[in-house]
Amino acid sequence: MGVHFDSQELHQEKQSLCTRSCMASSFQALATLDEDDIEAGLNDALAQGTDALKDAVEEVGTEFMGGGVEDNTMSYEQRVRLTEWKQFAENGLEIHRLAKAYFQFMYFWFSALPTMVLSGLVTIISSGVSDTFPYKANVLSSLGGITGILTAVSAYWKWQAESERHRFASHEYDSLKQRIDLATLKIEMGKASFSSVMDDIEKSIAEIKKTMWPTTKEY
């Protein structure tokens, strides 16, 4: 009577023989090495693992901080400088906003509105009042003269132009304030250093002082 072997049992037996053969070969290879070779191999493996771990940590840190980690510690003098910059931007913004509102008020109430009203009166009187009215010509001449005076005064003081200039200046100071706030946030988060933003902010302040600051010294 023949012996029947299951195919699965044969496959497991083959795997077991292969495993034992590989282990025997490994033990034979280790037996041929001395202690110095084994120690050198372990040191090399440890060094490779340490370098790989260091590279992984640096890569993760770089990705997390968005391109590098900066020193986010600021000295007392640097914090005072940021505070002075922000105060300069806030003061300039407030001054130019008030100046813009003042010149808008002057232009509207003492030039634009009176001129429109007087021009409307001239049109109504010219077309609605009979020529037989004795004072028609005098009234029209007076209204025209007043309109001319208001227009000349407005052109002399340049209320509308001053209003637009202060509006533009207020936008510049507002933009400077936002840049200072953003720079402060980047420094505190470690994404930038104080020295990297100092040149840009001081350049912006110098440009604003040169172009905008003379418009405020008179007020």
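Annotation note: Cβ proximity below 9 Å between a residue of region 82-108 that is closer than 17 Å to residue 200 by Cα and open to solvent by 50 Å² or more (accessible area, probe 1.4 Å) and a residue that is hydroxyl-bearing (Ser, Thr, Tyr) and part of a helix (DSSP H, G or I) (sequence gap 6+ or interchain) occurs for 86/184.
State yes or no: is residue 89 in contact with a Lys or Arg (Cβ under 6 Å, 6 or more places away or on another chain) and modelled with pLDDT under 95? Criteria met by residue 89.
Restricting attention to region 132-173, the residues being more than 13 Å from residue 103 (Cα to Cα), in a helix (DSSP H, G or I) and either polar (S, T, N, Q) or touching a Gly at 6+ places or on another chain (Cβ under 9 Å) (or both) number 9.
The values are calculated or read from the model by the stated rules, or taken from the named source; none is laboratory data. Note that this is a predicted model, so its numbers are computed, not measured. No Cβ is skipped: glycine too gets one built from the backbone with ideal geometry, and neighbour counts run over all protein chains shown. Remember, those area values only see protein heavy atoms, side chains included, never the ligands or the DNA or RNA. Shrake-Rupley method; radii C 1.70, N 1.55, O 1.52, S 1.80 Å.
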